[in-house]
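Colleague: Next up is a structure, given as structure tokens.
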Amino acid sequence: MFLRSEVKSILILTLFSYLMWDYLTIATIGFSSLGFVLVGMRIKVPWLLRNIIALAVFGSYWIKYGKVIDPEIGLNFLTSVVVMKLLEKDSLRDSYMIFFGLILLLSAGALFEKSLTYVFFFTSSFAILLYDFYGTLLIKSRTKDLFVGLLWVVPLTCIMFFAVPRMMSPLPFKAGTSSSGEVGYSPNVRISEVESLELNDEPAFQALVDAQLPAEKLYWRGNVLGQTDGWNWSTSHADNLVFPATKVIPEITPGEIRQKMRLFGKEDYYFALDHAEKFYFGGRTISPDDLRSHDQLTDDWNPRYEVVSRIDDGIPREEEASQKYFKVILNKKLREWVDVTFPSTDIAGLRQDIQNYYQKEGFTYSLKPGKVLSFREFMEEKKTGFCSHYASATAIILRARGIPTRLVSGFMGGNFNPYARFYLVTQNDAHVWIEALENGKWTRMDPTAWIVPDRVTLGGEAFLATAAAGAGGTASAFARRFNFKWFRDASLWFNQWDFKFYQWLEEMDYYGQEAFLTRLNFKRKWLYTFAPFVILFFVLIYLWQMKRLERNLGLTLQDSIWKEFVTKVRGKGLELVPVSVKEMERQITGWKHPDRSRVEDLWKKLVSLSFGSEARQTWQTLRKEIKKL
């Protein structure tokens, strides 16, 4: 069954919108869906109404993004423009614009969606569009031309991929930090500014490990926050660690876990399982000497790195507590209330006092607690909130009781893929906990676990998904109906190939190339010797191909077939002189050669077709017979 050209295009655009669901706005997806219906039903929308709808969609971008211009906005804008052209398609010029617009859109999508699914979608869509474009030009599509083009591109691409150094820090096209009002990692904890949080399943990073870890060990450290105004927390220069780098590749010792990290967006800090012993990136190794934040330098950002952590014996390093970890801003009345309500003087006793108070007063967990403007309001009135509220309140109590305390912002949880042995951590796993200095060591304490233990045992993504499904409604019914184990296992099995494929692609940076060339006993500097010859080889082939095309330039199908016939006959020893049809016929009939009868038969067919009006297919059939001569 053959579909109209515009129907094929809108189907591809609809599938594209589905794959780009996380990056397109509701307005863009709605506009694409409307275009699908209108194009499919051959409904022509008046130009005025069409432009009003387009302006409304473009206006929604202004409302959502303001004056900010980034690749995500460009993707939405380009999608809507292609839909507009499909709705007003009237001329050959429109067909050209739709074809090139879709090719550009599909290419732009590859910057956002890195999966084998998208690779297959892109390849098949490109083939369909190219075949359809040939039809628009009234030219028969030639698969051979495509393969010839690939023969040109693939060898040179392979040489460049394995040999030419690549940039270590590519520009990210989607920041991992959550926007205001969504669950997500943030280097600072500004609780008084947040009224509620929405779920956000955007991937934050992947971590390749040797084996699955206990759920309660999945604390992915981000940055330390030691500065507070009595409720909100921020990081300061003193919280960040400046570390020396060496060229030593980190070794694994018993009790340590190696993680190969892949960030999906540009972050200010390195993430690692508590507690990082060594970082390895860009041919360098760093060994932190305490547990402050590990900065991602602005001019040396690394989306991929390895880290070795120790998680089996708590925090392995000591640090002399500075005065800033004691500092807390509370008025006299609140200090007296804290002293009376939490009378213990050691960490173990205070932990139990605080936990008992939360449970006795009926504190609850909620992503929509409303604005909580102060420590007092949270403890005496609201008594509900999420991890940041509980971490801040607990840290303030500990500081007021003389215990050096700080907040840690990062992630807790992650979905493990048993086939490829990696954790996928999303923004829903973002979490805040505290560390208190006890016996010269920083001890982790997670107050959220006292309120909702499932937040730790399940992880953020699974806990929030379960809570959302349990809230009832269509989401709950959908989850109960389609949450099959076989479906989850199949998804994990397919996801492993995405992970392995792109892990391999991204690891082939300068140092990956060095390792590859070393295995081949080949030195990179030798490339400077061979490179001129390789370039010359491709240039000569290109010039030869261009010369060949020039010889056929301007020839019609009939002319090119006549030329092939004359060339074939010349190869057999007969030099035809194109003086007249009668003279050429005399030359052929007087030719003494075993193939004379075949040549004469082809000659007669050529003459007959030249003075007739046979279809193009007949000429192509004759061309095949001539090639067999």
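Colleague: Which of (1) outside any helix (DSSP H, G or I); (2) modelled with pLDDT under 75 is the odd one out, the single condition Asn521 does not satisfy?
Modeller: (2)
Colleague: If the requirement is being free of Cβ contacts under 8 Å to residues at least 24 places away in the same chain and over 33 Å from the mean Cα position of the chain (by Cα), which of these qualifies: Thr341, Thr405?
Modeller: Thr341
Colleague: May I pose another question? Those residues that are at pLDDT below 90, in contact with a strand residue (DSSP E or B) (Cβ under 9 Å, 6 or more places away or on another chain) and not in a loop (DSSP other than H, G, I, E, B), I need them from region 178-203; list them, please.
Modeller: Glu182, Glu198, Pro203
Colleague: Could I ask something else about it? Run Phe533 past the list (1) surrounded by 10 or more Cβ atoms within 10 Å (Cβ to Cβ); (2) at pLDDT 65 or above; (3) among the hydrophobic types (A, V, I, L, M, F, W, C); (4) over 22 Å from the mean Cα position of the chain (by Cα) and report the number of the one that doesn't hold.
Modeller: (1)
Colleague: Does Thr443 satisfy the criteria of being surrounded by fewer than 22 Cβ atoms within 10 Å (Cβ to Cβ), at negative phi and among the β-branched types (Val, Ile, Thr)?
Modeller: Here the answer is yes, as Thr443 does meet what is asked.
Colleague: While we're looking at this one, here's another question. Trp433 - would you say it is modelled with pLDDT of 85 or more and surrounded by 24 or more Cβ atoms within 10 Å (Cβ to Cβ)?
Modeller: yes
Colleague: Out of the residues in region 19-38 meeting the condition of being part of a helix (DSSP H, G or I) and either assigned by TED's automatic domain parsing to the domain that holds Pro203 or of a type in the set (Val, Ile, Thr) (or both), tell me which one is surrounded by the most Cβ atoms within 10 Å (Cβ to Cβ).
Modeller: Result: Thr28.
Colleague: Residue by residue through region 39-66, note down the ones that are surrounded by 14 or more Cβ atoms within 10 Å (Cβ to Cβ) and outside any helix (DSSP H, G or I).
Modeller: Across region 39-66, the qualifying residue is only Val45.
Colleague: Looking at (1) farther than 27 Å from Glu198 by Cα; (2) modelled with pLDDT of 90 or more, find the lone condition where Asn439 falls short.
Modeller: The failed condition is (2).
Colleague: Residues in region 214-224 that are surrounded by fewer than 17 Cβ atoms within 10 Å (Cβ to Cβ) and part of a loop (DSSP other than H, G, I, E, B): how many?
Modeller: So the count comes out to 1.
Colleague: I'm trying to understand the selection: among the residues of region 351-384, which are free of Cβ contacts under 8 Å to residues at least 24 places away in the same chain, of a type outside the set (Ser, Thr, Tyr) and not in a helix (DSSP H, G or I)?
Modeller: Listed by number, the residues that qualify are Glu361, Gly362, Lys383.
Colleague: Right, here's the next one. Pick from region 122-171 the residues that are modelled with pLDDT of 80 or more and either hydroxyl-bearing (Ser, Thr, Tyr) or under 30 Å from Tyr305 (Cα atoms) (or both): which of them is surrounded by the most Cβ atoms within 10 Å (Cβ to Cβ)?
Modeller: So, considering only residues that are modelled with pLDDT of 80 or more and either hydroxyl-bearing (Ser, Thr, Tyr) or under 30 Å from Tyr305 (Cα atoms) (or both), the one surrounded by the most Cβ atoms within 10 Å (Cβ to Cβ) is Ser125.
Colleague: Which residue pairs have Cβ atoms closer than 9 Å, lie 6 or more positions apart in sequence or on different chains, and pair a first residue in region 571-597 that is outside the structural domain of Val607 (by TED's automatic domain parsing) and assigned to a helix (DSSP H, G or I) with a second residue that is charged (D, E, K, R) and at pLDDT 85 or above?
Modeller: Final answer for the pair search is none.
Colleague: With the checklist (1) modelled with pLDDT of 75 or more; (2) within 30 Å of Thr394 (Cβ to Cβ) in hand, flag the one item Ala471 doesn't pass.
Modeller: Here Ala471 meets the rest and fails (1).
Colleague: So, in region 285-300, how many residues would count as being at pLDDT 70 or above and either surrounded by fewer than 17 Cβ atoms within 10 Å (Cβ to Cβ) or of a type in the set (Asp, Glu) (or both)?
Modeller: 2
Colleague: When you go through Ile53, Ile103 one by one, which is the residue that is closer than 20 Å to Gly135 by Cα and in contact (Cβ under 8 Å) with a residue 12 or more places away in the chain?
Modeller: The conditions single out Ile103.
Colleague: Going by the structure shown, is Phe16 within 25 Å of the chain's Cα centre (by Cα), in contact (Cβ under 8 Å) with a residue 60 or more places away in the chain and surrounded by 15 or more Cβ atoms within 10 Å (Cβ to Cβ)?
Modeller: Here the answer is yes, as Phe16 does meet what is asked.
Colleague: Only one of these conditions is not met by Tyr423: (1) surrounded by 21 or more Cβ atoms within 10 Å (Cβ to Cβ); (2) assigned to a loop (DSSP other than H, G, I, E, B). Which number is it?
Modeller: (2)
The values are calculated or read from the model by the stated rules, or taken from the named source; none is laboratory data. Predicted model, so just to flag it, every value in this text is computed and none were measured. When we count neighbours, we look across all protein chains shown, and the Cβ atoms used for this are built from the backbone with ideal geometry, even at glycine.
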